[in-house]
Each structure stands twice: as structure tokens, then as C-alpha cells.
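First the structure, in the form of C-alpha cells, and then the observations on it.
The values are calculated or read from the model by the stated rules, or taken from the named source; none is laboratory data. All figures in this text were calculated on a predicted structure; none of them were measured in a lab. Every residue, glycine among them, receives a Cβ derived from its backbone with ideal geometry; neighbour counts consider all protein chains shown.
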Amino acid sequence: MAIEVRIPTILRTYTAGEKSVSGSGGTLAALIDDLEANHAGIKDRLIDNGDLRRFVNVYVNDEDVRFLGGLGAELKDGDQVVVLPAVAGGAS
Amino acid sequence: MRFDNHLASVGNTPLVGLPRLSDQFSRGGVEVRLWAKLEDRNPTGSIKDRPALKMIEQAEKDGLLRPGCTILEPTSGNTGISLAMAAKLRGYRIVCVMPENTSEERRQLLRMWGAEIVSSPAAGGSNEAVRVAKRHAAEHPDWVMLYQYGNAANALAHEEGTGPELLADLPSITHFVAGLGTTGTLMGVSRFFRSAKPDVRIVAAEPRYGELVYGLRNLDEGFVPELYDASLIDTRFSVGPRDAVRRVRELLELEGIFAGISTGAILHAALGQAANAARDGVAADIAFVVADGGWKYLSTGAYEGTIDSAEESLEGQLWA
């Protein structure tokens, strides 16, 4: 099962500079474990104490995964996952 | 409509139906309708007049702001413009810290209303502006930083204003969709509806910028506004410049509304909710925020040429 995962600049040291990598897993937790197997160290940058890090946002098909069940969010083949650092934004 | 002065005319903006955009979603007698809350009709042309005025009034009440005081604020534009107008009328000096990758129109407007601008580096976007503003605040303890990202009056302006206006104009409202920046609009409107009509679904649309904006030195420099309470929203979408531009042009083409680019992102999320309702055969009245007009973004290239070229020219800019 292939899921495209877009990696932010700050985490590309773990993906040999790749902007986008392919992974698999039926949940976000499983996908992150799969990423860790190929890009050692990345899991610790995404997860802290069993939950997504405060300043890490993950979107599945553009929807914030925290509203889809967090690490338990279900994934399927062809989903697109985007990882981004939380930043101050908006028309402010 | 008559008001005692310019500041008194903040709020009570029109809510307009969008029959041509909504048409595609209604079938079999089940109506799905989209409604635009025209916040560009506020005195300086954006939704930010609401929180700006409220934050100033609250600071005056608390005795923080006295005539002659200097206000300091990190802003990518609209809040600064609103604060500068109010500051001018009330006799305050204002310094805005603004990322250098914001449109020239916004800078010029700030200068026109008398604001002094301190530029912060483009890389890191508004995070940098917040950091630079906090540094200036520490160096000038007599300056007053209203700090829209953490100021309860920001959300309160929407809890007391935007929310009740929406319910009065659209008692059948089922969804509210707004942009997520300081989070003030969503937090305030949600607090109102959680108490007045708890089944209203609160949907956040967050702009997704180019890589430059996310170029932090490390993840711990990330930023979540102090106002943000995730339990007050039901879902949150990340919308890139391509969809934002496509939708903002659609809004102009089909409904004649000339909105800023962030409104395109908000509309994109609203249309997603409309499609879901139509798919499920459920009637819906979806209200979304038109945060400002398109005037300040003409130079970004978002409104002319191909979508590809517009997307390209927005890369690296803080377009919302």
C-alpha cells in the first residue's frame, strides 16, 4: 500500500533531502513506524510521549489529522499525507 | 445607516446568499446553501477591525493604554491597518512588525494611516514577526503590545459580534467556516454557537504557504497561538495557493464578489462541506467569512493570467 508523504524542509535531513517519500500503513501510527524503518530518527521528531508533537501538524488529504483520530487515523492507498511545522499564519 | 463616527461603524456586516455557487449542491428538494459574511465592509476593509477595536477598548478599560502611548503589534497587514486607523483617531502612536514578504499595498496602507513599520525576515513568516515584536516589547517596556494571538478581546469581538450577527441573519445556520490565523474568529464564533446553537459545525481553513514560510531552524520554534483551543473546532483544512486562487476567481466570476486570496481558501473549505452535505442528502446553510477585499493583493498576480502563473507568483509570499 503506497501513501505519499510530503516532508517539510526541516525534516529532510532524515530523508536524504527528499521532499516526498512513499510509505505504508493502515493508520498514521503504522505509517510513521514504516517511515522510521526507512528513515531512522524521523519518528522521534514527529512523536513525543506517544502523541504528535505540539508543533507538528499532519494532514491527510488536506484535513488536519488531529480531527480524524490523531495517530489512530485510518489511511488508505493513494492518500496524501503532508507534514508541516505549526507556524503563525493567516490574514493577521 | 448612521453612526456617530467611523469606529462606531465596525461590524454588522451583510450576509449575502450565493445562489449561483450553491446551485450545484441542491438536489431532490434538499437545499444546500452558501452564505458570505462580507467583512470587507468594515471601516478599513477587513474583519480585523473587530478585534482591533475590541483590543484597544479593553486595554483602555484596563488602564494599559493612555493618550500618547505607543502600540506595538506583529501583523502581516490587516490587524496593523485596523489598529493604525483606530490609533490615529484615539491619539496613539503605533509600530507594526511585519514580515518582509507581504504585499506592498499593505505596507503603503499602514504608512498612510501613520504606522511605523519594522520589517522581520521573510523566512519564518509571521513566527519571525512575533519573535521580533516580543524582543521590541522587552526593549521598550512602556510600549503596549496588544498581541492579537493571545489577547482574549480578539476572540471576544467575534463572540459578541460576528456570532450573534450570523445567528440573527441565518437562524438555520448549520456550518461556519473561517480562516485560521490568530484563531480569534473561530474561537469567538464557536464559543457563541457552542452555547447558542451547539450543533453548528465549526470549520477552519488554514492557508498552506510555500516552503520558505516553514523554514524554521528547528521544530521547537513552531507556534500555536495562545488563543487556540482545538476543542472549539470540528475540523481543520489546509488549503494551498492553487485552490485559494481558483476559488477566489470563482467567487468573482459567479457571484461578483471581489475578495482577498485568503477568502478563496475559506471558500474552498466551505465548498467541501457543501459537497459532503449534498452527498449525504442533508440540507445545509453554510456561512463563511469574506475576510477582506482583493484590492490589497492585486500586485501579487493572483487575479490575472493562468492559475499556474498565479500559483507560482504566490510562492514565498504570505498571501493570507
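Observations, loosely collected:
- Matching option when the condition is away from chain A (no Cβ under 14 Å) and part of a loop (DSSP other than H, G, I, E, B), among B:Pro225, B:Pro198: B:Pro198
- Pair list, Cβ under 9 Å, 6 or more apart: the range B:127-139 residue within 14 Å of B:Glu100 (Cα to Cα) and within 14 Å of chain A (Cβ to nearest Cβ), other residue part of a helix (DSSP H, G or I) and not charged (D, E, K, R): B:Asn127/B:Val213
- Pick from the range B:285-302, criterion part of a strand (DSSP E or B) and surrounded by fewer than 24 Cβ atoms within 10 Å (Cβ to Cβ), ranking: nearest to the chain's Cα centre (by Cα): B:Gly293
- Among the candidates B:Gly256, B:Gly188, B:Gly264, B:Gly184, the residue that is more than 22 Å from B:Ala283 (Cα to Cα), more than 8 Å from chain A (Cβ to nearest Cβ), at pLDDT 95 or above and surrounded by fewer than 24 Cβ atoms within 10 Å (Cβ to Cβ) is uniquely B:Gly256.
- Restricted to the range A:55-92, and to residues there that are within 13 Å of the chain's Cα centre (by Cα), closer than 15 Å to B:Ala230 by Cα and part of a loop (DSSP other than H, G, I, E, B), the residue that is nearest to the other protein chains (Cβ to nearest Cβ) is A:Phe55.
- Within the range B:13-105, strands (runs of 3 or more DSSP E) holding 1 or more residues that are of a type outside the set (A, V, I, L, M) and not assigned by TED's automatic domain parsing to the domain that holds B:Ser120: B:15-17, B:32-38
- Residue among B:Ala157, B:Ala123, B:Ala168 that alone is surrounded by fewer than 24 Cβ atoms within 10 Å (Cβ to Cβ), modelled with pLDDT of 95 or more and of a type in the set (Gly, Ala, Ser): B:Ala168
- Meets criteria (buried (at least 22 other Cβ atoms within 10 Å of the Cβ), touching a helix residue (DSSP H, G or I) at 6+ places or on another chain (Cβ under 7 Å) and closer than 18 Å to B:Gly125 by Cα) for B:Val239: yes
- Some residue of the range B:55-69 being within 11 Å of another protein chain (Cβ to nearest Cβ), over 21 Å from B:Ala178 (Cα atoms) and acidic (Asp, Glu): no
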